[in-house]
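The values are calculated or read from the model by the stated rules, or taken from the named source; none is laboratory data. Bear in mind that the values here come from a model prediction, so they are computed numbers and not experimental data. Heads up, the Cβs are rebuilt from the backbone with ideal geometry, glycines too, and the neighbour counts pull from every protein chain shown. For the accessible areas, the whole protein counts, side chains as well, though only heavy atoms, and no ligand, DNA or RNA atoms are used. Shrake-Rupley method; radii C 1.70, N 1.55, O 1.52, S 1.80 Å.
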Amino acid sequence: MIEFPPYVISPIGIIHSCYPEKFGIPRQPGLVTSSSGRLELLPPWNREEMVKGLDAFSHIWIQFLFHEAVAEGWRPTLRPPWLGGQKRVGVFASRSPHRPNFLGISVVRLTGIRKEKKGLFLEIAEIDLLDKTPVVDIKPYVPYSDSVPTASGGFIPPPESVTREVVFTKAAAQYCGDYEHRTGRRLRLLIVETLGQDPRPASQRHQVREYGMALWDVNVRWQAHGERFLVLSIGEE
Ligand code: SAM
């Protein structure tokens, strides 16, 4: 066996995300254009010189730790949601968090870089990251080599095939309006796009059922009627 010297990877940053809980997070980045957050660089990696030139790129790769999967452990085979939760594939044929080393990769949109009194932040959007996710590396996305237009996507369907219809009660619509006015966050669009991706487990797709989902600092209660979702109410966490 080839021996490697022990090497510890420690986080260089932490994610502040619109998704405080796992339920509802899109299955890949780029699916929910209104999702957003901040990547806070941690000392000693929060020096401005370390991100010099990065603002020239529209997108970045974030390499991160699936920290909320570590306690659950990794699995050699998994049932990806794309296959209706029925068929098993190998962990290395999946994008599951439950993998050896628990490392994830996401291409996200870089919307700004801000130096503030409390630290150095990358503003990011179109994310699939849980709040407090530890980040281990950042790289610019390079379209000519990182995108392969002729590539086969295997069993993972393109996003437009999973969009659902989302409607709001009068009270929920009113809450969104007030919240947006108060915070500047586009809550209604975030709900529409997040539910549009159908966050339900495959086994519940044919049930009429009520769900709760946390976004930013609010809790959203919604009901599924087949492929149509009704947002019932929204309230503070
Ligand atoms: N784009 C990444 C990749 O391919 O490595 C992540 C794909 S993974 C299928 C996306 C899911 O991981 C999200 O829907 C969410 O449920 C989960 N997730 C996101 N951040 C996480 C974290 N820090 N710990 C555990 N699970 C996380």
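Against the criterion of solvent-accessible heavy-atom surface with a 1.4 angstrom probe, ILE113, ILE234, ILE191 sort, most first, into ILE113, ILE234, ILE191.
Per the Debye formula on identical point scatterers at the alpha carbon atoms of the chain, with no solvent, log10 I(q)/I(0) at q = 0.10, 0.13 Å⁻¹ is -0.53, -0.89. Counting only DSSP beta bridges with both residues in the chain, the antiparallel share comes to about 90 percent. Per residue, the convex hull spanned by the Cα atoms of segment 24-93 measures out at 158 cubic angstrom. Per residue, the average separation of C-alpha pairs within less than 8 Å and at least 6 apart gives segment 165-236 a relative contact order of 37 percent. Accessible area of segment 60-129 with a 1.4 Å probe: how many percent of it is carbon plus sulfur? Whole-percent figure for carbon plus sulfur exposure: 53.
Of all lysines in the structure, those lying under 22 Å Cα to Cα from LYS52, and not within fewer than 8 positions of it along the same chain, are LYS115, LYS117, LYS118, LYS139. Among the trypsin sites (Lys or Arg not before Pro) in segment 25-123, those located in a DSSP loop and surrounded by at most 15 other Cβ atoms within 10 Å of their own Cβ are ARG47, LYS52, LYS87, ARG88, LYS117, LYS118.
Computed over the chain with a Gaussian network model linking Cα atoms closer than 10 Å, the most mobile of PRO76, PRO11, PRO159 is PRO76.
Normalised by the number of residues in the chain, the mean separation of alpha-carbon contacts (under 8 Å, six or more apart) gives a relative contact order of 26 percent. Listed by chain and number, the lysines placed with their C-alpha closer than 29 angstrom to that of LYS170 are LYS22; residues fewer than eight positions away on the same chain are left out. Summed over qualifying helices (DSSP H, 4 residues or more, each -39500 (n - 2.57)) and divided by its residue number, the chain shows a 222 nm mean residue ellipticity of -3500 deg cm²/dmol. Converting phi to 3J(HN,Hα) with the Karplus coefficients 6.51, -1.76 and 1.60 and the offset θ = phi - 60°, segment 52-63 yields 4, x, 5, 5, 7, 9, 7, 9, 9, 8, 10, 9 Hz in sequence order, with x at every glycine or proline. Expressed as a whole percent, the proportion of Cα-Cα pairs in segment 7-142 lying more than 26 Å apart is 24%. Centre-to-centre separation between the Cα atoms of segment 1-50 and those of segment 61-92: 17 Å. Solvent-accessible surface of the chain, averaged per residue with a 1.4 angstrom probe and all protein chains in place: 58 square angstrom. Contact order for segment 13-146, expressed relative to its length and based on alpha carbon pairs under 8 Å spaced 6+ residues apart, stands at 42 percent. Each Lys and Arg adds +1 at its Cβ and each Asp and Glu adds -1 at its Cβ; summed about the Cα centre, the chain shows a dipole of about 380 debye.
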